Structure formats: C-alpha cells, structure tokens
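*Asks:* Pasting a structure here, questions to come.
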2 protein chains.
Amino acid sequence: MDKAEDPLAQLENYDGELPIIATNRSQWFGGNAIDHGRLDRLMEAARSESVEMVDIELETARGKEWVLEEFRETDIELIISFHEFEETPDQTTLDAIIEECAQYGDIAKVATFANDRTDTLRMLRAINSATEDGIQIAGISMGEIGSHVRVLGPLYGSKLGYAPLETDTSEYAPGQISLQRVRSLIDAIEQGEAATQIIDGVEERAPASHGYSQTD
Amino acid sequence: MDKAEDPLAQLENYDGELPIIATNRSQWFGGNAIDHGRLDRLMEAARSESVEMVDIELETARGKEWVLEEFRETDIELIISFHEFEETPDQTTLDAIIEECAQYGDIAKVATFANDRTDTLRMLRAINSATEDGIQIAGISMGEIGSHVRVLGPLYGSKLGYAPLETDTSEYAPGQISLQRVRSLIDAIEQGEAATQIIDGVEERAPASHGYSQTD
C-alpha cells in the first residue's frame, strides 16, 4: 500500500479474481509509509473482500498483540514477516526467528540476503525443519546467489513465492525470477521427482535394488 | 565394463568424440564382474586413448594404494566412488567419506540414497563444504526424492553428473533425469542466477538497497 496510489480506493474498485496480500511498509522496513495511521490503513484494507492475507513485520508484531487480534477479526490470514537485507543469520537465529513469526501469525515469512551458498543452504534447512515442525513457512534467499531457492523452496516446504509478471518491469527484487519462468521451473523439477515412474514419457523399467550402480 | 559385451574390443573400436569414464564393478558394488582379473581388465581399459577417467570404489581403493599408483601411470584421472543404496549417512560420516575418497583419487564421488529432504540437504551441504575445501566432488542423492540434487548439485559445486540419453530406455537409476532435461534445467536455474541483470530479456532497473521489500 505504501507504494500504490490511493490503495484503498483501488481495493474498493478491484474486480479481479485473484486474492490479495496487503502490506503497508514503513520506512523502517524499506517502504514509504509514514508511521502515523499506517496500521489503521492496513486494517481498513484487511476488511476489503479481496484481501485474504495481511503481511505484518515481526518487529511490528512484537509487543502489539492486541493489533494482531484486531486483524484476525477481519477474517484474514496473518503473515508475519522478517527481512534482513544484508545477510542470512546463523541457523539457530534463523530457526528462532521463524518460530517467533509463527507464534504471532499463521504464516512465517523470512527473506534474508544470501552472500554465498552456505546462506542458501541454511535457508533451505530452515524451510525444511520448520515444515517438519508443522509451521507454515515462506522462505526466500534474496539476491542473485539465492535465486534458485525461489525454485527449490517449495520442494522443501515453502508455502509462498514472490515473482513479478514478465510485463512488470517497474521494480524487481534482486534474484527474482518472473512468474512464468519460476512456475515452469518448479513444474520441471517436480516432474523430475516423478522420474522414477516416467522419464520423458518413456516408462522406466524399475531396476533391481542393486541394478543401478552402472548408471550412477 | 561388467555390463558391456567385450568392452575392451568395444573401446578399441571406439571412434566417438566424447571421452569415456571406465568402471568395472564387482557384485559387491552392484555390478556383474567376477573378482578375478577385474582390476587387470580395468587397467587395460585405462590405457585406452578414449578413457580419460577411471572410477574405482572406495572400498577397493582402501589398502590397495599400489594399484592406484599403477592407474595413475596410465595418465587418467581417478574417481574414487562411494555408494550407499539404502540411506544417506549423517553429516560427519558423509564429510569423512568424501575426504577419504579425495585422499585416494582426483575426484570424490558419493552417491547415497535419499529417504527424505533432510538427506538431500545433507548431500548439498557435503557438496558445498567439500568444494569450499578445494575437493573435486561429485555428489548424487539417489532415488526419487533426491532427483532435484541432480540439477542443484552443480550449483553447489558438484563436478560430475550422471544422466541417461532419452533414447536409452534400458536401465535408469531411480531419480535420474534424462541428459537433455537435466541440461536444460541446469541452464534455466543458472539463468535464474543471472536474473539480477536480465529477467527474461527485460533489463532490470536495479532497485535501491531498501527498495525491494515491496516485491519480496
């Protein structure tokens, strides 16, 4: 909302089929919203019929549980999000952040910047173990190196992805892949998973348990 | 060699352009070769001009360093391989196995069966940390769940992949993806990595450091 022109009017006029995630970031979190009235406007959006999820920053959620209660009454699902634009925290911290997000909301969203492959591995591990713990997690490794996590994340349990339309040239996050491409890559990887049954349309003869050392 | 008909004659007549990895697995390692003369025949193959790498099992390499020396004199690169068809060892064991393979040969190859995502993550971590340690590693998660590691492995440093031709319907390992498909997926994922510069041919405007919380 902080980057849209008159977002509440836009929501009112919205007649698209896709449900909307509303967020209203203050400058503290990379947005444009001034603090005064920020959550009130977000609450108004939450009452809109097309808005099915609201994204609130973990830092905002802390110590404002009464606000979260109010949001819940509007019948939305609550995403509690954590962003770190410079690095990816160590595993223990990352897991703890996710757990805290999950305590405040329905979906824990963490987006942290990946400087190297160790960072992307930590994110995949965090997604995997949160999923094993029954947490609805959305995990993103920001930046170029983290790009493949946008494709692999869902495989490890990530529940939300963020992808621009190909036609939307206005603003991408580094490492973001267009919706069309990320969708086709996820499909292809998942089809790869089904390769034991069918490989490229050719039915596979299941090898005997010791029969496949030849090919691997 | 243990599954080919008269492999030494085939090697002699080979006039293809692609270099060959030779291996001769005994029944202990999922192959058909009888122990007697197995390494002698493999050595003969190693002397063939088209053979550039020889794959010897870690278990064979242990305690037979004089054999490895002889192989090295034939001017091939030595892959020392470890297979585990039922599970993926814990992280410490896996890393230790890779290190041991690397001590005996030029390339450490580990192929272990993945029962869940934790197993594939351990393999990716092992590939990543071996690469950071300067080890030439080839890591494979066998089985359907491990399929995506065949695409992701190279990104984390894996140096060799194993993929059947689409036309080769005779024997696949579970989770193997055809050469054509694995190649195109690796390309696509790597192109995703370059998405900061170009997204689907549309030049991206680099956002300010705090500008991208809107889209992620």
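The values are calculated or read from the model by the stated rules, or taken from the named source; none is laboratory data. Since the structure is predicted, the reported quantities are computational estimates derived from the model, not experimental observations. Virtual Cβ from ideal backbone geometry, glycine too; neighbours counted across all protein chains shown.
*Asks:* Name every residue in segment B:3-22 that is touching a helix residue (DSSP H, G or I) at 6+ places or on another chain (Cβ under 8 Å) and not small (G, A, S), in order of residue number.
*Replies:* Taking segment B:3-22 first, the residues touching a helix residue (DSSP H, G or I) at 6+ places or on another chain (Cβ under 8 Å) are B:4, B:7-8, B:11, B:20, B:22.
If the condition is that a residue be touching a helix residue (DSSP H, G or I) at 6+ places or on another chain (Cβ under 8 Å) and not small (G, A, S), then B:P7, B:L8, B:L11, B:I20 are the ones that fit.
*Asks:* Could you pull out the residue among A:A163, A:A173, A:A206 that is part of a loop (DSSP other than H, G, I, E, B), modelled with pLDDT of 70 or more and more than 7 Å from chain B (Cβ to nearest Cβ)? Steps first, answer last, please.
*Replies:* On the way: A:A173 fails: more than 7 Å from chain B (Cβ to nearest Cβ); A:A206 fails: modelled with pLDDT of 70 or more.
Just a single option satisfies the conditions, and that option is A:A163.
*Asks:* Tell me which residues, restricted to segment A:1-32, are more than 20 Å from A:D75 (Cα to Cα) and of a type in the set (A, V, I, L, M, F, W, C).
*Replies:* A:A4, A:A9, A:W28, A:F29
*Asks:* Can you name every residue in segment A:150-159 that is more than 10 Å from chain B (Cβ to nearest Cβ) and touching a strand residue (DSSP E or B) at 6+ places or on another chain (Cβ under 7 Å)? Outline the logic, then answer.
*Replies:* As a first pass, look at segment A:150-159 and keep what is more than 10 Å from chain B (Cβ to nearest Cβ): A:153-154, A:158-159.
Selection gives A:G153, A:S158, A:K159.
*Asks:* Additional query: Look through segment B:183-202, keep the residues that are within 7 Å of chain A (Cβ to nearest Cβ) and crowded, with 16+ Cβ neighbours inside 10 Å, and return whichever of them is modelled with the highest pLDDT.
*Replies:* Among those that are within 7 Å of chain A (Cβ to nearest Cβ) and crowded, with 16+ Cβ neighbours inside 10 Å, it is B:L185.
*Asks:* What number goes with the only condition from (1) under 23 Å from A:I20 (Cα atoms); (2) buried (at least 17 other Cβ atoms within 10 Å of the Cβ); (3) of a type in the set (S, T, N, Q); (4) modelled with pLDDT under 95 that A:Q180 does not pass?
*Replies:* For A:Q180, the exception is condition (2).
*Asks:* So, one more: Suppose we keep only residues that are on the phi < 0 side of the Ramachandran plot and among the small types (G, A, S) within segment B:60-98. Which one would you say is nearest to the chain's Cα centre (by Cα)?
*Replies:* Filtering segment B:60-98 for residues on the phi < 0 side of the Ramachandran plot gives B:60-62, B:64-74, B:76-98.
With among the small types (G, A, S) added as a condition, the list becomes B:61, B:81, B:96.
Values: B:A61: 18, B:S81: 9, B:A96: 17 Å.
The extreme case among them is B:S81.
*Asks:* Further question on the same structure: Could you tell me whether any residue of segment A:23-36 is at pLDDT 95 or above, crowded, with 17+ Cβ neighbours inside 10 Å and closer than 26 Å to A:S158 by Cα?
*Replies:* Let us first name the residues in segment A:23-36 that are at pLDDT 95 or above, namely A:23-24.
In the following step, the residues that additionally are crowded, with 17+ Cβ neighbours inside 10 Å were identified as A:23-24.
Keeping just the survivors that are closer than 26 Å to A:S158 by Cα gives A:23-24.
Yes: one or more hits.
*Asks:* Enumerate the pairs (first residue in segment B:23-37 and more than 21 Å from B:M53 (Cβ to Cβ); second residue anywhere and not aliphatic (A, V, I, L, M)) with beta-carbon separation below 7 Å, excluding pairs fewer than 6 apart on the same chain, so at least 6 apart or on different chains.
*Replies:* Sorted first by the residue in segment B:23-37, then by its partner, the pairs are B:D35/B:S26.
*Asks:* Look through segment B:141-153, keep the residues that are aliphatic (A, V, I, L, M) and not in a helix (DSSP H, G or I), and return whichever of them is farthest from the chain's Cα centre (by Cα). Show your work before the answer.
*Replies:* Filtering segment B:141-153 for residues aliphatic (A, V, I, L, M) gives B:142, B:145, B:149, B:151-152.
Cutting the leftovers down to not in a helix (DSSP H, G or I) gives us B:142, B:145.
Values: B:M142: 11, B:I145: 17 Å.
Per the criteria, the residue is B:I145.
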